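Have a look at the structure below, then the notes.
The values are calculated or read from the model by the stated rules, or taken from the named source; none is laboratory data. Since the structure is predicted, the reported quantities are computational estimates derived from the model, not experimental observations. No Cβ is skipped: glycine too gets one built from the backbone with ideal geometry, and neighbour counts run over all protein chains shown. To get the accessible areas, we keep the full protein, side chains included, count just its heavy atoms, and leave off ligands, DNA and RNA. Shrake-Rupley method; radii C 1.70, N 1.55, O 1.52, S 1.80 Å.
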Amino acid sequence: MKTHIEFTHSPIVPPASEFSLREVGACLEFSGIVRELENGKKIPGLSYEAYEPMAHAQLGKIFEELVAKNPCEEILFIHRLDFVPVGEASLFIRILSRHRQAALALMAELIDRLKADVPVWKVS
(Lines give C-alpha, C1' and ligand atoms only; values in the text may rest on other atoms or scores of the structure.)
Protein backbone atom coordinates (compact mmCIF):
# COMPACT_ATOMS: atom_id res chain seq x y z
CA MET A 1 0.00 0.00 0.00
CA LYS A 2 1.23 3.46 -0.90
CA THR A 3 0.63 6.34 1.53
CA HIS A 4 1.31 10.05 1.55
CA ILE A 5 0.81 12.27 4.62
CA GLU A 6 1.25 16.01 4.27
CA PHE A 7 0.64 19.04 6.46
CA THR A 8 0.63 22.36 4.62
CA HIS A 9 0.23 26.04 5.43
CA SER A 10 -1.00 26.78 1.90
CA PRO A 11 -4.36 26.14 0.24
CA ILE A 12 -4.81 22.46 -0.56
CA VAL A 13 -4.33 21.61 -4.21
CA PRO A 14 -4.91 17.88 -4.69
CA PRO A 15 -2.46 16.28 -7.09
CA ALA A 16 -3.85 14.74 -10.25
CA SER A 17 -5.07 11.18 -9.86
CA GLU A 18 -2.78 8.53 -11.30
CA PHE A 19 -4.12 5.06 -11.82
CA SER A 20 -0.97 3.06 -12.49
CA LEU A 21 -2.57 -0.10 -11.13
CA ARG A 22 -5.15 -1.53 -13.52
CA GLU A 23 -7.00 -3.23 -10.67
CA VAL A 24 -8.11 0.00 -8.97
CA GLY A 25 -11.89 0.10 -9.20
CA ALA A 26 -12.61 2.97 -6.80
CA CYS A 27 -11.18 6.44 -6.32
CA LEU A 28 -12.83 8.08 -3.35
CA GLU A 29 -12.05 11.71 -2.46
CA PHE A 30 -13.12 13.75 0.56
CA SER A 31 -12.63 17.45 1.19
CA GLY A 32 -13.41 18.91 4.60
CA ILE A 33 -14.57 22.49 3.98
CA VAL A 34 -14.62 25.20 6.65
CA ARG A 35 -18.23 26.26 7.28
CA GLU A 36 -19.41 29.80 7.99
CA LEU A 37 -20.94 28.93 11.38
CA GLU A 38 -19.09 27.52 14.40
CA ASN A 39 -21.21 26.92 17.49
CA GLY A 40 -23.98 29.00 15.91
CA LYS A 41 -21.78 32.05 15.31
CA LYS A 42 -20.45 33.42 12.02
CA ILE A 43 -16.69 33.10 11.69
CA PRO A 44 -14.16 34.21 9.06
CA GLY A 45 -12.44 30.81 9.22
CA LEU A 46 -10.69 28.37 11.53
CA SER A 47 -7.10 27.95 12.66
CA TYR A 48 -5.51 24.52 12.99
CA GLU A 49 -2.40 23.33 14.81
CA ALA A 50 -0.75 19.93 14.84
CA TYR A 51 2.03 18.12 16.59
CA GLU A 52 3.33 16.92 13.24
CA PRO A 53 5.80 14.15 14.23
CA MET A 54 3.20 12.47 16.43
CA ALA A 55 0.42 13.08 13.89
CA HIS A 56 2.48 11.40 11.13
CA ALA A 57 3.20 8.40 13.35
CA GLN A 58 -0.38 8.08 14.54
CA LEU A 59 -1.81 8.36 11.03
CA GLY A 60 0.61 5.66 9.82
CA LYS A 61 -0.62 3.30 12.56
CA ILE A 62 -4.25 4.10 11.81
CA PHE A 63 -3.72 3.50 8.07
CA GLU A 64 -2.18 0.07 8.75
CA GLU A 65 -4.98 -0.91 11.12
CA LEU A 66 -7.76 0.21 8.79
CA VAL A 67 -6.22 -1.30 5.65
CA ALA A 68 -6.03 -4.68 7.41
CA LYS A 69 -9.85 -4.56 7.60
CA ASN A 70 -10.53 -2.66 4.37
CA PRO A 71 -7.81 -3.34 1.79
CA CYS A 72 -6.80 -0.45 -0.42
CA GLU A 73 -3.96 0.44 -2.75
CA GLU A 74 -3.25 4.04 -1.81
CA ILE A 75 -4.11 6.72 0.77
CA LEU A 76 -3.30 10.38 0.16
CA PHE A 77 -3.83 12.61 3.21
CA ILE A 78 -3.36 16.40 3.25
CA HIS A 79 -4.28 18.62 6.23
CA ARG A 80 -3.96 22.39 6.20
CA LEU A 81 -2.57 24.21 9.22
CA ASP A 82 -2.86 27.81 10.45
CA PHE A 83 -5.79 29.94 9.29
CA VAL A 84 -8.23 28.41 6.79
CA PRO A 85 -10.92 30.81 5.51
CA VAL A 86 -14.58 29.86 5.22
CA GLY A 87 -15.23 27.94 2.01
CA GLU A 88 -11.71 26.49 1.73
CA ALA A 89 -10.60 22.93 2.48
CA SER A 90 -8.85 22.11 5.72
CA LEU A 91 -8.60 18.41 4.81
CA PHE A 92 -8.27 16.31 1.66
CA ILE A 93 -8.19 12.51 1.56
CA ARG A 94 -8.01 10.28 -1.51
CA ILE A 95 -8.34 6.50 -1.28
CA LEU A 96 -7.67 4.15 -4.19
CA SER A 97 -9.06 0.66 -3.77
CA ARG A 98 -10.01 -2.37 -5.82
CA HIS A 99 -13.59 -2.18 -4.48
CA ARG A 100 -15.83 0.72 -3.44
CA GLN A 101 -17.05 -0.95 -0.24
CA ALA A 102 -13.53 -1.06 1.20
CA ALA A 103 -12.83 2.55 0.19
CA LEU A 104 -16.10 3.83 1.68
CA ALA A 105 -15.63 1.96 4.97
CA LEU A 106 -12.00 3.03 5.26
CA MET A 107 -12.82 6.69 4.58
CA ALA A 108 -15.58 6.85 7.18
CA GLU A 109 -13.50 5.23 9.88
CA LEU A 110 -10.37 7.23 9.00
CA ILE A 111 -12.18 10.56 9.46
CA ASP A 112 -13.62 9.42 12.81
CA ARG A 113 -10.19 8.24 13.99
CA LEU A 114 -8.53 11.48 12.80
CA LYS A 115 -10.86 13.52 14.98
CA ALA A 116 -10.46 11.21 18.00
CA ASP A 117 -6.82 10.06 17.92
CA VAL A 118 -4.58 12.38 15.90
CA PRO A 119 -2.98 15.49 17.46
CA VAL A 120 -4.54 18.10 15.15
CA TRP A 121 -6.57 20.82 16.84
CA LYS A 122 -8.93 23.61 15.88
CA VAL A 123 -7.68 26.60 17.86
CA SER A 124 -10.29 29.17 16.82
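Overview of values
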{"read-out": "Residue check for Glu18: more than 14 Å from the chain's Cα centre (by Cα) and under 25 Å from Arg100 (Cα atoms)", "value": "yes"}
{"read-out": "Any strands (runs of 3 or more DSSP E) falling wholly within the range 5-124 and containing at least 2 residues that are open to solvent by 60 Å² or more (accessible area, probe 1.4 Å)", "value": "26-33, 82-85, 120-122"}
{"read-out": "Index of the failed condition, Ser47 passing every other in (1) more than 22 Å from Ala116 (Cβ to Cβ); (2) touching a Ser or Thr at 6+ places or on another chain (Cβ under 7 Å); (3) of a type in the set (S, T, N, Q)", "value": "(1)"}
{"read-out": "For Ser90: the one exception among (1) within 28 Å of Ala102 (Cα to Cα); (2) over 17 Å from the mean Cα position of the chain (by Cα)", "value": "(2)"}
